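Everything below concerns the one structure shown next.
The values are calculated or read from the model by the stated rules, or taken from the named source; none is laboratory data. Just so you know, these numbers come straight off a predicted model, no measurement behind them. Cβ coordinates were reconstructed from backbone atoms using ideal geometry, including for glycine residues, and neighbour counts include every protein chain displayed. Accessible surface areas use protein heavy atoms only, side chains included; no ligands, DNA or RNA. Shrake-Rupley method; radii C 1.70, N 1.55, O 1.52, S 1.80 Å.
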Amino acid sequence: MEFAELIKTPRVDGVVLHRPFMPTVEGTLCLTGHHLILSSRQDNTEELWLLHSNIDSIEKRFAGSLGSIIVKCKDLRVIQLDIPGMEECLNIASSIELYDAKPACCKTFFVDLNYSMITCAVPQLTSTFR
């Protein structure tokens, strides 16, 4: 089963992105099999494309019907996503946590630089292609 099949809520409108020392951005949050994407759909506005593998941890907070997800990245960035609707917030958070729960061997593979051998990092499925 692919990770994309486990995503309960793939898109949420009206999400507000907060980052330190940067202006807030309101837009649409999309969750794909590889990225968390926030786009305001306006000209001259920055988009956020965050690889799931770059997420170190998340924290959920709720105030009324508004949910917040604080994302701590492996490159030490911290962002906050204010998501309208508690159910949408819980679905986004649980989808991200599902990706984090996958063992590291299922997330990575290694390619030899001379391209003569590709080794998969799944322990019992290690194979070599020549």
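Just a few scattered comments:
- Measuring only protein heavy atoms, the 1.4 Å probe finds Glu97 accessible over about 70 Å².
- Sequence of Thr32, Thr24, Thr9 when ordered by accessible area, the most exposed leading, probe 1.4 angstrom: Thr24, Thr32, Thr9
- Spin-label zone in segment 1-38 - amide nitrogen under 16 Å from a point set 7 Å from the Cα of Ser94 along the C-beta vector: 4-11
- Portion, in percent, of the accessible area of segment 11-106 that falls on carbon or sulfur, probe 1.4 Å: 54 percent
- Per residue, the average separation of C-alpha pairs within less than 8 Å and at least 6 apart gives segment 11-106 a relative contact order of 23 percent.
- Remark: accessible surface ordering of Lys8, Lys60 (largest first) is Lys8, Lys60, probe radius 1.4 Å.
- Summarised as an ellipsoid, segment 11-106 has semi-axes of 20, 16, 13 Å, derived from the eigenvalues of the Cα gyration tensor scaled by 5 and square-rooted, with the largest first.
- Accessible area (Å², per residue) of segment 11-106, counting only protein heavy atoms and a probe of 1.4 Å: 56 Å²
- Sequence-distant aspartates and glutamates (8 or more away, or on other chains) whose Cα lies within less than 14 Å of Lys8: Glu87, Glu88, Glu97
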